[in-house]
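Only one structure is covered here, and it is reproduced in the block below.
The values are calculated or read from the model by the stated rules, or taken from the named source; none is laboratory data. Just so it is clear, the model here is predicted, and its values are computed rather than measured. Glycine gets a Cβ as well: all are built from the backbone with ideal geometry, and neighbour counts include every protein chain shown.
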Amino acid sequence: MILAHPSAVLSGDGEQEQLLMESAANFVREFELLVKTILEGPGRTSSASQSKFKTQLVNFDKAWCTYLYGFVVWKVKDARSLEGDLVRAACKLELSMMQTCKLTADGQSHNLTHDMKAIQKQVSDDQKLLREKVQHLSGDAGIERMDSALSDARSKFFEAKENGSPLAAPVANVCTPLRIDSSGKLPPTESLFGASGASSSTSPVNLPTENEQMVNEMLHEDGGAIAGNSNDARTIEKDFQDKVRETMEKAFWDVVTDSMRGDKPDYSQLINLVKEVRDSLHDLAPKEWKEEIYENIDLEILSQVLESGSQDTQYLGQILQYSLDMVRKLSAAAKDDEMKASHDKLLSELAASSEDTDNGVSSFVIAVIKGLRFTLEEIKQLQVEVSKAYVQLMQPTIKGSAGVEYLQKAFGDRYGPPANASASLPVTLQWISASKSIVDGEWSEHLGSLSVLPAANHAQPLVTVLRAGHGAPTAAVASAGSSGLPECKGEKIDKLVRVGLLQLISGMEGLQLQSAPESFHLNFLRLRAVQGQFQEVIVMATSMLVLRQVLMSENSKITPPELETVISELFGALVKLLDNSPEAGTEEIVEAMMSASASAGSLSDAKIQARRQIITRVLLKSLQADDVVFKKVSRAVHCAFRGVLLGGSGAKGQKLADAALRRVGAGKLADRVVKAAEVLIRVATVSEKVHGPWYKALA
């Protein structure tokens, strides 16, 4: 395995790994020679044969000892490395939990929600598994190193929190390599906090906050939609978070249920949940209702009722009914009838609960869990509605200078002042440098394309409004009136950013977060989505071009109207296919091409099969990076995106995109390109406002 599959066995390529490879090769060679000597049997004289066998046996023994020594050394190092990974994972879990649950230095936290308690339980379970693996791997010594690392991580967390340092953030820099010192000790907390300690700003470990993400979404929104609803690129991430949240909530409620079972139930968690209901309603209610809420949800009386052991649902039922009534009063009037019906249904179901259940849990426990869970969900929905209303109220302010200033301050807190940009923003520096090397050429080609555009009175009529402005003021960053988003006027930073964004999304390899400029981390998913659209346009344009060529080669007498009818059908089929199934492969695309080509005339089964084979072969060849067709199409798509990015999404940019795509017979894709490029223009415009000082320092 070491010789045949080194990448699968060895995790590194250091000195120990090289020595192990060499000793393994030598050992195998000596073993084969020894086997050969044995199989050949005695030679012409028995003494010569014995001498040869003894010599080979000695050589084999030496090779075996050398290999065994090398293997042990490598295995020890590998075990230490694995232990370090496990310990570092435990530290990251600890830091994340401490930040999320807002733990104090004494390990306590006030007003823990049920979500926070679920997080604590999940982290505890995960750390228990990690501890077992470390125990199995390194014994008690490994456990001691793990405890020491966790203690060190907690100390540095509270120290950083006390000093106001960003190191108190929950997510560590996972790209930092683990270092093993000469004594074999593992310093996992060093990789978490950076080698230079709390003063380091070159390797910030905190990620953008939810508030930053919300403000960023609002600055990029078109037409004032609530942030997060229009960005399809976040769907996968949101689905994953929902699954994690669902799992954690189930684990929490299972714990609550278990605590209330048996002859000596523990009602402390139940009381804490009721307290959470009361406090949440208190926070949401107007001032004149706050005292009433405390009077109707009395935790002392509830504790006495529960401790009496009567398991009487009457008082708890009163609390639930009052809480649901209060939620309905605080909610929008339009939802009153619907909420009242669902609340009455719940209370009826709880009242009709049977005395016994299949799981041996009393009706009291079932009713309590179901009622509290429903009430907390209703409160959560109310909190979301209140937050949305507040966001809508704040949108005009945030979309102005306040939002830009907020993001600019957050970026400065994370990466330091513009004067330190070359050290704190290495990826952005590299990106700016790459953009500087091509910006003049791209700008020159753009001006050349503008110079050969047909005059307005000779141009084909274009749709003047691609996207409604919804009455948004023209000064707003995210507005797009009938004239489209603004063109680049040739200003240095504007050119650099727009051309640089084009280079990022036009790469054939998927954009990765670690390779994205730091200034675009908030918009990483947005850029990935545009990159996907860029590649889809290439696939669609190539498919249309290939089908056009195949049909013309089959029948040179096919008329232009007939050909355009086929291409129009293919365009519609590809739009439907790729919009509904972004992961569609060659087979699905070929089927769409064959279906569209049927309108060009009926053929025999043999000719249909021959056409399918030709289309498949030519399409696959044309989608290879080194193919002439691929280069031509991808260049045309690049020029189309550039035309909109630099020429704006108005009439000028539309004409540039249309002219570039028509060169490969894909003019129908112009609108798709314009809409995708509009996203990049917004990203560029917002980024220049927020990160302009850092760009100027790097340019």
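Restricting to the stretch 280-318, what's the tally of residues that are surrounded by fewer than 13 Cβ atoms within 10 Å (Cβ to Cβ), modelled with pLDDT under 85 and hydrophobic (A, V, I, L, M, F, W, C)?
0
If we keep just the residues of the stretch 226-254 that are surrounded by 15 or more Cβ atoms within 10 Å (Cβ to Cβ) and aliphatic (A, V, I, L, M), which is modelled with the highest pLDDT? Can you show your working first?
To start, the set of residues in the stretch 226-254 that are surrounded by 15 or more Cβ atoms within 10 Å (Cβ to Cβ) comprises 226-227, 231, 233-234, 248-249, 251-253.
Then keep just the ones that are aliphatic (A, V, I, L, M); that gives 226-227, 233, 248, 251.
Details: Ile226: 32, Ala227: 35, Ala233: 43, Met248: 73, Ala251: 76.
Per the stated criteria, the residue is Ala251.
State which residue pairs qualify: first residue more than 16 Å from Val664 (Cα to Cα) and inside the stretch 547-559, second residue part of a helix (DSSP H, G or I) in any location, beta carbons under 8 Å apart, and separation of 6 or more residues or different chains.
Cβ pairs passing all conditions: Glu554/Arg611; Asn555/Ala600; Ile558/Leu551; Ile558/Met552; Ile558/Ala600.
Give me the helices (runs of 4 or more DSSP H) completely within the stretch 611-699, filtered to those with at least 3 residues that are small (Gly, Ala, Ser) and farther than 25 Å from Leu522 by Cα, ordered by residue number.
Values: elements: 628-647, 651-662, 670-698.
Once the helices (runs of 4 or more DSSP H) in the stretch 611-699 are filtered for at least 3 residues that are small (Gly, Ala, Ser) and farther than 25 Å from Leu522 by Cα, what remains is 628-647, 651-662.
Please list, ordered by first then second residue, the pairs with beta carbon atoms under 7 Å, 6 or more apart or interchain, first in the stretch 380-397 and in contact (Cβ under 8 Å) with a residue 40 or more places away in the chain and on the phi < 0 side of the Ramachandran plot, second β-branched (Val, Ile, Thr) and assigned to a helix (DSSP H, G or I).
These pairs meet every condition: Leu382/Val327.
Tell me the residue from Leu527, Leu466, Leu513, Leu547 that is closer than 30 Å to Asp627 by Cα, at pLDDT below 90 and aliphatic (A, V, I, L, M), please.
Details: Leu527 fails: at pLDDT below 90; Leu466 fails: closer than 30 Å to Asp627 by Cα; Leu547 fails: at pLDDT below 90.
Answer to the selection: Leu513.
Report yes if Leu39 is in a helix (DSSP H, G or I), at pLDDT below 85 and within 26 Å of Lys77 (Cα to Cα), otherwise no. Working first, answer last.
Details: in a helix (DSSP H, G or I): yes; at pLDDT below 85: yes; within 26 Å of Lys77 (Cα to Cα): no.
No.
If Val637 satisfies all but one of (1) in contact with a Phe, Trp or Tyr (Cβ under 7 Å, 6 or more places away or on another chain); (2) at pLDDT below 90, what's the number of the condition it fails?
Looking at each condition in turn, Val637 falls short on (2).
Residues that are basic (Lys, Arg) and within 30 Å of Asp413 (Cβ to Cβ): list the helices (runs of 4 or more DSSP H) wholly contained in the stretch 483-587 that include at least 2 such residues.
Working: elements: 492-505, 524-554, 560-580.
Once the helices (runs of 4 or more DSSP H) in the stretch 483-587 are filtered for at least 2 residues that are basic (Lys, Arg) and within 30 Å of Asp413 (Cβ to Cβ), what remains is 492-505, 524-554.
Taking the stretch 263-301, which residues are outside any helix (DSSP H, G or I) and either among the aliphatic types (A, V, I, L, M) or over 17 Å from Tyr315 (Cβ atoms) (or both)?
Kept after step one, since they are outside any helix (DSSP H, G or I), are these residues of the stretch 263-301: 263-267, 285-286, 297-298.
Across the stretch 263-301, the qualifying residues are Asp263, Lys264, Asp266, Ala285, Pro286, Ile297.
If a residue has to be of a type in the set (D, E, K, R) and under 31 Å from the mean Cα position of the chain (by Cα) to count, how many in the stretch 560-599 make the cut? Even if it seems obvious, please write down each step before you answer.
We begin by selecting, within the stretch 560-599, every residue of a type in the set (D, E, K, R); these are 562, 564, 569, 576, 579, 583, 587-588, 591.
Applying the additional criterion that residues be under 31 Å from the mean Cα position of the chain (by Cα) yields 576, 579, 583, 587-588.
The qualifying residues number 5.
Can you say whether Gln122 is out of contact with any Gly (no Cβ under 8 Å at 6 or more places or on another chain), modelled with pLDDT under 80 and not charged (D, E, K, R), as far as the supplied structure shows? Let's see the steps before the verdict.
Numbers: out of contact with any Gly (no Cβ under 8 Å at 6 or more places or on another chain): yes; modelled with pLDDT under 80: yes; not charged (D, E, K, R): yes.
Yes.
Six or more apart or on different chains, Cβ atoms under 7 Å: show the pairs whose first residue is in the stretch 57-72 and closer than 9 Å to Glu30 by Cβ and in the same structural domain as Val28 (by TED's automatic domain parsing) and whose second is assigned to a helix (DSSP H, G or I) and among the aromatic types (Phe, Trp, Tyr).
Phe60/Phe31; Ala63/Phe27; Trp64/Phe27
Being under 30 Å from the mean Cα position of the chain (by Cα) and either of a type outside the set (Gly, Ala, Ser) or under 23 Å from Lys77 (Cβ atoms) (or both) is the filter here, so list the residues in the stretch 134-157 that pass it.
The answer is Val134, Met146, Ala149, Leu150, Asp152, Arg154, Lys156, Phe157.
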